[in-house]
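Remarks on the structure that follows.
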Amino acid sequence: MVADFTRDERVSALIVLGGLILAGLFMAIAGRNDLLGVHGWMIAAAGLWGFFAMVRGFGLPEPPATRLAEYYDAPTRVGLILTLLWGIVGMGAGFWVAALLAWPDMTFDVAWLSFGRLRPVHTSGVIFGFGGNALIATSFHVLQRTTRARLPDAISPWFVLLGYNLFCVIAASGYLMGLTQSKEYAEPEWYADIWLVVVWVVYFAIYMRTLARRKEPHIYVANWYYMAFILVVAILHIVNNLAVPVSFGSAKSYSLFAGVQDAMTQWWYGHNAVAFFLTAGFLGMMYYYLPKRAGRPIFSYRMSIVSFWGITFMYMWAGSHHLHYTALPHWVQTLGMAFSVVLLVPSWASAGNALLTLNGAWHKVRDDAVLRFMALAAIFYGITTFEGSFMAIRAVNSLSHYTDWTIGHVHAGALGWVAMITFGALYSLVPTMFKRERIYSQKLVELHFWLALTGTLVYVFAMWNSGVIQGLMWRTYDETGTLSYSFIDSLVAMHPYYIARALGGLLFLLGTLTALYNVIMTIRMPAIGAHDPQGDLPAEPALQAGE
Amino acid sequence: MPFDHETIVGFAKSFGLFYLVALSVICLAWTYWPTNKKGFEEAAKMPVLEEEDRPWH
């Protein structure tokens with residue numbers, strides 16, 4: 001990494017890391033009587049580690065000018081590995097909290113092992129750790145290949161990748177210590193939020209600067225999706241996290257919003273996090289890697305553009321469907337419901353576009369587990385978006401809201417769509433990025449595929465059943481007009497499904513572990529064109545003629 | 001004009017409606033404009049082109 005930096009970049013890196021150390025020390029001192037201090041020391045340690053790495057490599061020769069004739073893929077390689085590591089952390093935490101719901105005693109009276117603290121480690125771990133690293137890693141790859149231009153410099157992609165992971169570590173460790181601002185998917189406190197804004201602005205700047213240097217005049221549609229993801233996430237993140245800290249020495253802050261405005265802002269953020277983090281970004285991934293792997297151009301490029309604008313116009317308005325039957329004005333609920341239903345059009349246009357691209361290449365889908373991951377992702381994307389539009393209808397929502405049906409819906413999207421497209425892209429990227437001839441074991445990719453599919457189906461069916469049962473039990477009245485079931489009755493009814501859900505999650509986690517093993521073994525294979533230590537020489541004859 | 005609930009609702013229901021309709025019309029017209037067809041078809045081939053994996057100069 002340091003060897004890729006020019007002298008000027010090494011100096012800039014030292015200044016940035018020095019600043020990080022100072023910021024960490026300031027937090028550690030100002031927050032010495034607060035949990036903020038712990039994070040301060042962690043940030044200072046991260047900065048110090050980077051600073052020493054930079055000092056040690058400072059005297060290395062500058063990178064040769066020939067590097068400019070190559071794409072810059074080192075951050076993508078590291079990002080792919082971080083994706084898998086966070087996947088295991090996030091999915092492992094997910095499995096654990098699923099088990100906690102079935103067997104609540106497993107908290108063992110330890111505060112940081114409680115459900116409330118571990119659950120955001122799961123959600124942030126999979127969304128931001130796993131999903132975010134996958135998006136950063138693949139976006140750098142797609143951006144360079146479709147603009148035919150190298151990233152503008154070496155330092156900013158590393159700043160984005162490592163800075164983003166620092167944010168993820170601060171977030172996850174904060175949850176375990178009990179730090180949260182209690183906004184779903186936006187739990188990290190004010191100082192982590194400010195840091196993420198800095199990282200995110202640099203990320204968007206990389207995109208703009210590379211596009212400005214592009215050699216290919218047309219901006220391929222995948223880049224539009226990636227840019228929508230970066231830009232909108234920045235807007236959502238800034239607005240929803242507007243807060244006033246108690247003091248500069250305190251981790252605690254209070255939101256600028258209150259009451260129903262707070263709820264609306266939160267779900268405007270929350271739903272668009274699904275729309276632009278978990279949908280637009282991964283659609284960008286799909287629109288590049290699926291045609292590439294199938295060896296066929298996207299079925300309709302024009303349909304992909306219409307879907308893009310459809311999704312960006314409409315998702316923004318859909319968030320209020322999270323607040324049906326609340327203090328939110330009725331017309332705002334109806335607005336969210338209407339936009340959610342219409343959203344089915346661009347969503348199915350994308351899912352259909354992907355499947356129609358595969359039409360004629362089904363033999364490849366059958367033979368190639370990597371392409372099958374992507375095909376399955378498109379199918380689950382279609383299923384989940386249909387389900388989402390359906391659940392946003394007020395009457396349906398009256399049954400599904402606050403039940404496990406919602407959890408089932410989210411995981412059909414997260415496991416079936418987001419993770420499947422990520423694994424498809426990851427498996428097709430790893431051999432080329434690490435300059436290996438092929439993936440270590442195609443059989444293990446097959447195994448992973450079936451583990452992931454089985455895990456997803458077990459999970460989703462368990463939650464659908466559980467959710468509908470829960471919803472019906474909560475609305476069943478007897479002839480005297482009183483509720484037939486107590487809350488505990490519904491909890492008992494859900495217990496078998498909770499065990500099934502934990503099993504589904506475990507299968508999915510085992511699949512991810514298989515992927516990590518396969519990727520590590522791929523990296524350990526000899527590189528293409530590497531010198532063969534045996535040499536391409538005839539074997540020594542065991543016995544000379546005439547001996 | 002007071003910045004209250006009624007004003008915001010009025011704005012959203014009038015300007016918001018025409019704004020989204022206009023954006024949709026512009027987007028559809030641009031996408032399906034006959035002269036743009038060829039360029040889009042070329043662009044669609046971008047991921048599947050087999051060529052050297054390095055930046056253009």
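Throughout, read-outs are computed from the coordinates displayed, never taken from laboratory work. Please read these numbers as outputs of a predicted model, since none were measured by experiment. Using ideal geometry, Cβ is built from the backbone for each residue, glycine included, and neighbour counts are taken over all protein chains shown.
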Discussion item. No solvent, one uniform scatterer per C-alpha: report log10 I(q)/I(0) for region A:380-435 via the Debye equation at q = 0.30 1/Å, two decimals.
Written reply: -1.09
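Can you give me the Kirkwood hydrodynamic radius for region A:350-456, using every pair of distinct Cα atoms, in Å to one decimal? Before the final figure, lay out the partial values.
Details: mean 1/r = 0.0663 Å⁻¹.
With all distinct Cα pairs of region A:350-456 included, I get 15.1 Å.
Among all lysine pairs in the protein assembly as shown that are eight or more places apart or on different chains, how many have alpha carbons less than 18 angstrom apart?
Numbers: A:Lys183/A:Lys252; A:Lys215/B:Lys45; A:Lys292/A:Lys364; A:Lys292/A:Lys435; A:Lys292/B:Lys45; A:Lys364/A:Lys443; B:Lys37/B:Lys45.
Final tally of qualifying lysine pairs is 7.
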Worksheet entry | Computed FRET value (nearest 0.05) for A:His363 with B:Val25, which takes r as the C-beta separation and R₀ as 51 Å | 0.75
Worksheet item: Roughly speaking, what is the stretch gain from A:Leu356 to A:Asp109, that is 0.36 nm per residue apart minus the C-alpha to C-alpha distance, in nm to one decimal?
Response: 83.6 nm
Worksheet item: Using a Förster distance of 25 Å, how high is the FRET efficiency between A:Thr432 and A:Thr66, based on the Cβ-Cβ distance and rounded to 0.05?
Response: 0.80
Discussion item. To test your reading of the geometry: what angle, between 0 and 90 degrees and rounded to tens, separates the Cα axis of helix A:420-433 from the longest principal axis of chain A?
Written reply: 10 degrees
Worksheet entry | Residue order, fewest to most surrounding Cβ atoms within 10 angstrom, among A:Val11, A:Val244 | A:Val244, A:Val11
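Roughly speaking, what is the stretch gain from A:Ile528 to A:Val197, that is 0.36 nm per residue apart minus the C-alpha to C-alpha distance, in nm to one decimal?
Numbers: separation 331, 0.36 × 331 = 119.16 nm, distance 3.97 nm.
Additional length available on full extension: 115.2 nm.
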Response to the item:
For chain A, the longest principal axis of the Cα atoms and the Cα long axis of helix A:74-102 enclose an angle in degrees, to the nearest 10, of 30 degrees
Worksheet item: Once you average over the residues of B:30-41, how many Cβ atoms of partner chains fall within 10 Å of each Cβ?
Response: 3
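Working from the pairwise distances between different alpha carbons, so that the mean of 1/r is found and then inverted, what is region A:6-62's Kirkwood radius in Å?
Details: mean 1/r = 0.0855 Å⁻¹.
Mean inverse Cα-Cα distance, inverted, gives 11.7 Å.
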Item to complete: Please work out the C-alpha center-to-center distance from region A:334-404 to region A:210-235 and express it in whole Å.
Response: 24 Å
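Rounded to the nearest 500, what is chain A's calculated 222 nm mean residue ellipticity when only DSSP H runs of at least 4 contribute -39500 (n - 2.57) each, over all residues? Write down the numbers at each step before the final one.
Values: 20 runs with 366 residues, N = 547.
Theoretical 222 nm ellipticity from helices: -22500 deg cm²/dmol.
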Discussion item. Output needed: percent of Cα pairs per 5 Å distance bin for region A:1-104, bins running from 0 to the one holding the longest distance.
Written reply: 2, 11, 12, 12, 15, 15, 13, 9, 5, 3, 2, 1
Worksheet, complete the sentence: Binned at 10 Å starting from 0, the alpha-carbon pair-distance distribution of region A:223-349 in whole percents comes out as 12, 35, 29, 16, 7, 1
Worksheet, complete the sentence: Rounded to a whole number, the mean other protein chain Cβ count within 10 angstrom for residues of B:15-24 is 2
Worksheet item: Sequence-distant or interchain residues sharing an amide H contact under 5 Å with A:Ala243, placed H: which?
Response: A:Leu256
Practice prompt. Please report A:Thr83, A:Thr334 as a ranked list, fewest other C-beta atoms within 10 angstrom at the top and most at the bottom.
Written response: A:Thr334, A:Thr83
Worksheet item: By how many nm would the segment from B:Lys45 to B:Phe18 lengthen if fully extended, with 0.36 nm per residue of separation less the alpha-carbon distance?
Response: 6.2 nm
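For the protein assembly as shown, what class follows from the C-alpha gyration tensor (a ≥ b ≥ c being the square roots of its eigenvalues): rounded when a/c is under 1.5, otherwise prolate if a/b is larger than b/c, else oblate? Before the final figure, lay out the partial values.
On the way: a/c = 1.38, a/b = 1.31, b/c = 1.05.
Note, shape of the protein assembly as shown comes out rounded.
Taking each pair of distinct Cα atoms in region A:475-520 once, what is the resulting Kirkwood hydrodynamic radius in Å? Don't skip to the answer; put the middle values down first.
Working: mean 1/r = 0.0733 Å⁻¹.
Hydrodynamic radius (Kirkwood, Cα only) of region A:475-520 equals 13.6 Å.
Quick one, can you get me the convex hull of the C-alpha atoms of chain B expressed as volume per residue in Å³?
Details: hull volume 11.1 nm³, N = 57.
Per residue, the Cα convex hull of chain B comes to 195 Å³.
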